[in-house]
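Written below as structure tokens is the structure these notes are about.
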2 protein chains.
Amino acid sequence: MTTEKIDGVSVNTQANVYFDGKCVSHGLTLADGTKLSVGVILPATLTFNTGAPEIMECVGGSCEYKLDGSSEWVKSSAGEEFSIPGNSKFEIRVTEPYHYICHFG
Amino acid sequence: MTTEKIDGVSVNTQANVYFDGKCVSHGLTLADGTKLSVGVILPATLTFNTGAPEIMECVGGSCEYKLDGSSEWVKSSAGEEFSIPGNSKFEIRVTEPYHYICHFG
């Protein structure tokens, strides 16, 4: 089951552009103050660092990811999610646009 | 005066990716059903076609645009907007990420 819409949010109009545009997201705030973002990663292999723990929910396309300390690439497709600990990092390998919701905390 | 946030919207979680990612946007729906989008154009010169008339509101960075039938490039910066007729087209030339809200109708 894929999350197609998120209702009742406040959206930051300015995008976050990472890695020369290989990753573009828009920040959202829910009515209760919870922050998250919606974004897309274009074909590339990238390394992201986390501050807070993150949950990456795939809403379109797919990726493969490798958590810090792991040697295993794991696939994540629409309707699936994976968790990254705080103060860590992960690699992500994308061959078709990977659309996601990033939940923090 | 730049629009930094839009409140009370429903956001489409899947991004619209145009021109191999040179333009990425997310569709929004206001409580009254009005549709718009927030997006970013990365450095490039692109041609967009319109169906409905559009208003491009710049919320960060800048662009130069040229409407169909015009030979003049016009600059548009944060806090400014320009209108494109329906069933028309425009060229846009971007040298720093151009963040925008696209209003329809």
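Since every read-out is calculated from the coordinates, none of them should be taken as a lab result. Every value quoted in this text rests on a predicted model; they were computed, and no experiment measured them. Every residue, glycine among them, receives a Cβ derived from its backbone with ideal geometry; neighbour counts consider all protein chains shown.
Before moving on, here are some points about what is shown:
- Residues of segment A:80-89 that turn out to be closer than 15 Å to A:Ser62 by Cβ and hydrophobic (A, V, I, L, M, F, W, C), as a count: 1
- Condition check for B:Ile41: within 12 Å of another protein chain (Cβ to nearest Cβ) and within 11 Å of the chain's Cα centre (by Cα): yes
- Hits in segment A:44-59 - residues which are within 11 Å of the chain's Cα centre (by Cα) and within 11 Å of chain B (Cβ to nearest Cβ): A:Glu57, A:Cys58, A:Val59
- Every listed requirement among (1) surrounded by 16 or more Cβ atoms within 10 Å (Cβ to Cβ); (2) under 28 Å from B:Pro43 (Cβ atoms) is met by A:Thr95 save one, (1).
- Within segment A:71-105, the set of residues being farther than 22 Å from A:Ile6 by Cβ, touching a strand residue (DSSP E or B) at 6+ places or on another chain (Cβ under 6 Å) and in a loop (DSSP other than H, G, I, E, B) comprises just one member, A:Trp73.
- Just one of the listed residues (A:Gly69, A:Gly27, A:Gly105) is over 10 Å from the mean Cα position of the chain (by Cα) and at negative phi, namely A:Gly27.
- Flag for B:Ser10 being in contact (Cβ under 8 Å) with a residue 60 or more places away in the chain, in contact with a strand residue (DSSP E or B) (Cβ under 8 Å, 6 or more places away or on another chain) and among the small types (Gly, Ala, Ser): no
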